[in-house]
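The values are calculated or read from the model by the stated rules, or taken from the named source; none is laboratory data. Fair warning: this is a prediction, and the values are worked out from it, not measured in the lab. Cβ coordinates were reconstructed from backbone atoms using ideal geometry, including for glycine residues, and neighbour counts include every protein chain displayed. For the accessible areas, the whole protein counts, side chains as well, though only heavy atoms, and no ligand, DNA or RNA atoms are used. Shrake-Rupley method; radii C 1.70, N 1.55, O 1.52, S 1.80 Å.
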Amino acid sequence: MITLSSDFGSPYPAAMKGVLLSATDAQLVDVSHDFPRQDVRAAAFWLREVLPYFPPAVHLAVVDPGVGTDRAAVAIRAGDHALVGPDNGVLVPVARELADGSFEVFRIDADDPESSTFHGRDVFAPAAAAVHEAGVDAFHERERFAPADDVVELTFPEATVTDGSATGEVLVVDDFGNTITNVPGTVLDGRFGGEVTVDGESAPARRTYAAVDPGQRLVTVGSHGNVELAVNHGRGDDAFGLEPGDAVELSV
Amino acid sequence: MITLSSDFGSPYPAAMKGVLLSATDAQLVDVSHDFPRQDVRAAAFWLREVLPYFPPAVHLAVVDPGVGTDRAAVAIRAGDHALVGPDNGVLVPVARELADGSFEVFRIDADDPESSTFHGRDVFAPAAAAVHEAGVDAFHERERFAPADDVVELTFPEATVTDGSATGEVLVVDDFGNTITNVPGTVLDGRFGGEVTVDGESAPARRTYAAVDPGQRLVTVGSHGNVELAVNHGRGDDAFGLEPGDAVELSV
Amino acid sequence: MITLSSDFGSPYPAAMKGVLLSATDAQLVDVSHDFPRQDVRAAAFWLREVLPYFPPAVHLAVVDPGVGTDRAAVAIRAGDHALVGPDNGVLVPVARELADGSFEVFRIDADDPESSTFHGRDVFAPAAAAVHEAGVDAFHERERFAPADDVVELTFPEATVTDGSATGEVLVVDDFGNTITNVPGTVLDGRFGGEVTVDGESAPARRTYAAVDPGQRLVTVGSHGNVELAVNHGRGDDAFGLEPGDAVELSV
């Protein structure tokens, strides 16, 4: 199985599918091609949220603002999974999650891609097919993969949690407008049903969107386990006036 | 085969795919993840339009404004098909269509989902995989499924058709802006090529969009068999000033 | 393998999938359902860019502003591939590319489609399944296919290239806003790193988006081999004030 993730929209991912299907009989599964454009951190967040639900697979993931520069291309072995993409940190949080800690990084030798602007098609898809055909355990024996000395790191900022308050930031906003922070959902333990304060304004803490009336704001814990600022049948980002990277103060 | 339908956009459906593929080798087919947000009636309409074209399959469909409340989760046997989703009516019109009348409803026992906001991943996908593995004929013998006494109904409003006029409403607007009413297309029998009146204004009745000039309005019968208000190479909803739920008066 | 391409958005493509899966066990691969609406030339461009990366397959492609008129439905044999869609030129550039020149065209006998507005479901999907089941080499022996005397042609306009300048036009704008012209990328040979002039204004010629600062314009060669007007981390169409069909003057 090979999963595909990118910020390519349409129809560029189809060229990657064609390359993959020309080289392997693997089942292809689209994860998303609508990641926020060139937002490496958002993509890293979503990959870490979603890929661990998959059975062992090769995961091709391309969000690559440095395409055509000298950033490396990497294949990462992480537990029973392999990850293929640019060496810009996008694969690191999910690699750590899948491997339960340390993981192995290999550089992809990609000389002379056909295009300097579409490495998804010309570098990463062929490499993902090669990893799949060789197997997650054995691909590193192939000539085009060489052990890497290091990898570009990416860590999400950590929230500061004290007794009664938390200072964090918005990591991503999902398609619904749900505003996902880096504040761990545990700060709301024992607070559900009551009110908390977000950036100085009060809002109800509830377990589910439907616990407030349509159009009303709430503070909840999303499926990712973090504090999420939302509106039932509406957009939390608009209602709270927040976007990715903004600081958030929460008092409970 | 398992089909997937939701209003989740991207990338949440991928988590459902991961859960499904971890539990079954079934072929997965995306129907849509862009149903109008939390619009149960629109989703029910589209499911009824599209799913009957599929061979026997398990259909996972999640449009679920009541997620996390005490609304039940159900699996429905309808002819050779099974439907899995929330008990909010979204599955009922297509179940009636697939079963050619009566169908059987089972409650899904879903204690302690991992998340109270993402039952698509934590409740419905595991249930759909279980239905698929047990088989459409036999899944009800599994412990997690129990016969349901009732089901939340959903019926589309019926248009009032008299000789020479029809009073109905807009059911859904598609991605093209085509405005689909509940008025049966048969009211246009014998009227194609002539003019009809929509909310007091005249418009040509035509069998195909291309029968009027680009940018011109028309009244036609869509692939669903209902009267549709459209614009060739344009948006019917804008041109007719209508949105879902609005009343429509048609004189022929 | 059957690939699917259209401008249908969502959820209409699912009805085509249902029809296909009812008639064949072929693997289905979505190319795109977000081609610019009813823009035959743009679809023809993208099909030519993407489908040649696929292994031999049946390609169903429906962008069909003339649906319901007397335009023909065709199946084309092009090398090891077959193409199925409307006879409006959309399949011709990719057919020429796949066949490396000449290709064979067959008319699809499609009497009485269920709907006059959804031939993707009622005419083209059944025909694509029939082509797949009979095989690319043999489908023309089936009764519903008859040799066609001619085909509606579609050729892209050619740029005028002289020593030091090129006059062309914008063919398509991709989802990123990258503005793809018909000017061959070879006009930039030896110019990378320097400045060129677009419609009288200077812009840097660079091999990669990341070679200019975020928000800055550049002139590059896209993965399709043509000159592309872009903005690093931004939209080239907005920055250059261009849309499909606009003329472009390039001085190098």
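Structural remarks
Okay, residues lined up against (1) open to solvent by less than 40 Å² (accessible area, probe 1.4 Å); (2) more than 17 Å from residue C:107 (Cα to Cα); (3) acidic (Asp, Glu); (4) free of Cβ contacts under 8 Å to residues at least 40 places away in the same chain:
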{"position": "C:41", "(1), (2), (3), (4)": "no, yes, no, no"}
{"position": "C:52", "(1), (2), (3), (4)": "no, yes, no, no"}
{"position": "C:55", "(1), (2), (3), (4)": "yes, yes, no, no"}
{"position": "C:60", "(1), (2), (3), (4)": "yes, no, no, no"}
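- Restricting the stretch A:194-207 to residues that are within 13 Å of chain B (Cβ to nearest Cβ) and open to solvent by 10 Å² or more (accessible area, probe 1.4 Å), the residue that is farthest from residue A:45 (Cα to Cα): A:206
- Residues (more than 8 Å from every other protein chain (Cβ to nearest Cβ) and surrounded by 21 or more Cβ atoms within 10 Å (Cβ to Cβ)) located in the stretch A:17-32: A:20
- The stretch A:136-160: number of residues that are touching a helix residue (DSSP H, G or I) at 6+ places or on another chain (Cβ under 8 Å) and closer than 19 Å to residue A:80 by Cα: 5
- Residues of the stretch C:1-16 satisfying the condition of being closer than 16 Å to residue A:21 by Cβ and either open to solvent by 20 Å² or more (accessible area, probe 1.4 Å) or of a type in the set (Asp, Glu) (or both): C:1
- Matching residues, the stretch B:216-230, being at pLDDT 95 or above, part of a loop (DSSP other than H, G, I, E, B) and within 12 Å of another protein chain (Cβ to nearest Cβ): none
- Count of residues meeting criterion [under 15 Å from residue C:50 (Cβ atoms) and assigned to a loop (DSSP other than H, G, I, E, B)] in the stretch A:19-38: 1
- Selection count, the stretch B:197-217, where residues are small (Gly, Ala, Ser) and touching a residue at least 24 places away in the same chain (Cβ under 8 Å): 3
- Residue list for the stretch A:93-121, filter: modelled with pLDDT under 95, surrounded by fewer than 17 Cβ atoms within 10 Å (Cβ to Cβ) and out of contact with any helix residue (DSSP H, G or I) (no Cβ under 7 Å at 6 or more places or on another chain): A:100, A:101, A:102, A:109, A:111, A:112
- Condition check for residue A:90: in a loop (DSSP other than H, G, I, E, B), crowded, with 24+ Cβ neighbours inside 10 Å and hydrophobic (A, V, I, L, M, F, W, C): yes
- Taking the stretch A:208-229 as the range and being of a type in the set (Val, Ile, Thr), open to solvent by less than 20 Å² (accessible area, probe 1.4 Å) and under 24 Å from the mean Cα position of the chain (by Cα) as the test, the residues that pass are A:208, A:219, A:220, A:227.
- The set of residues from the stretch B:124-136 being in contact (Cβ under 8 Å) with a residue 24 or more places away in the chain, more than 12 Å from residue B:106 (Cβ to Cβ) and either open to solvent by 10 Å² or more (accessible area, probe 1.4 Å) or not in a helix (DSSP H, G or I) (or both) comprises B:126, B:132, B:133.
- Selection count where residues are assigned to a strand (DSSP E or B) and of a type in the set (A, V, I, L, M), scope the stretch B:145-172: 6
- Residue A:55 modelled with pLDDT of 95 or more and either assigned to a loop (DSSP other than H, G, I, E, B) or away from chain C (no Cβ under 14 Å) (or both): yes
- Candidate set from the stretch A:158-184 (those that are open to solvent by 30 Å² or more (accessible area, probe 1.4 Å) and touching a strand residue (DSSP E or B) at 6+ places or on another chain (Cβ under 6 Å)); member that is farthest from residue A:245 (Cα to Cα): A:165
- Scope the stretch B:138-156; condition within 18 Å of residue B:57 (Cβ to Cβ) and free of Cβ contacts under 8 Å to residues at least 40 places away in the same chain; matching residues: B:138
- Failed criterion for residue B:173 (all others in (1) over 23 Å from residue B:45 (Cα atoms); (2) not assigned by TED's automatic domain parsing to the domain that holds residue B:76 hold): (1)
- Residues in the stretch A:60-87 that are over 17 Å from the mean Cα position of the chain (by Cα) and in a loop (DSSP other than H, G, I, E, B): A:66, A:67, A:68, A:69, A:70, A:71, A:72, A:79, A:80.
- Count of residues meeting criterion [more than 7 Å from chain C (Cβ to nearest Cβ) and farther than 21 Å from residue C:232 by Cβ] in the stretch A:1-12: 5
- Apart from one condition, residue A:146 fits all of (1) open to solvent by less than 30 Å² (accessible area, probe 1.4 Å); (2) touching a His at 6+ places or on another chain (Cβ under 9 Å); the exception is (1).
- The stretch A:175-207, residues that are outside any loop (DSSP other than H, G, I, E, B) and under 25 Å from residue B:38 (Cα atoms): A:179, A:180, A:181, A:185, A:203, A:204, A:205
- Of all the listed residues (B:37, B:48), the sole one being within 13 Å of chain A (Cβ to nearest Cβ) and more than 21 Å from residue C:29 (Cα to Cα) is B:37.
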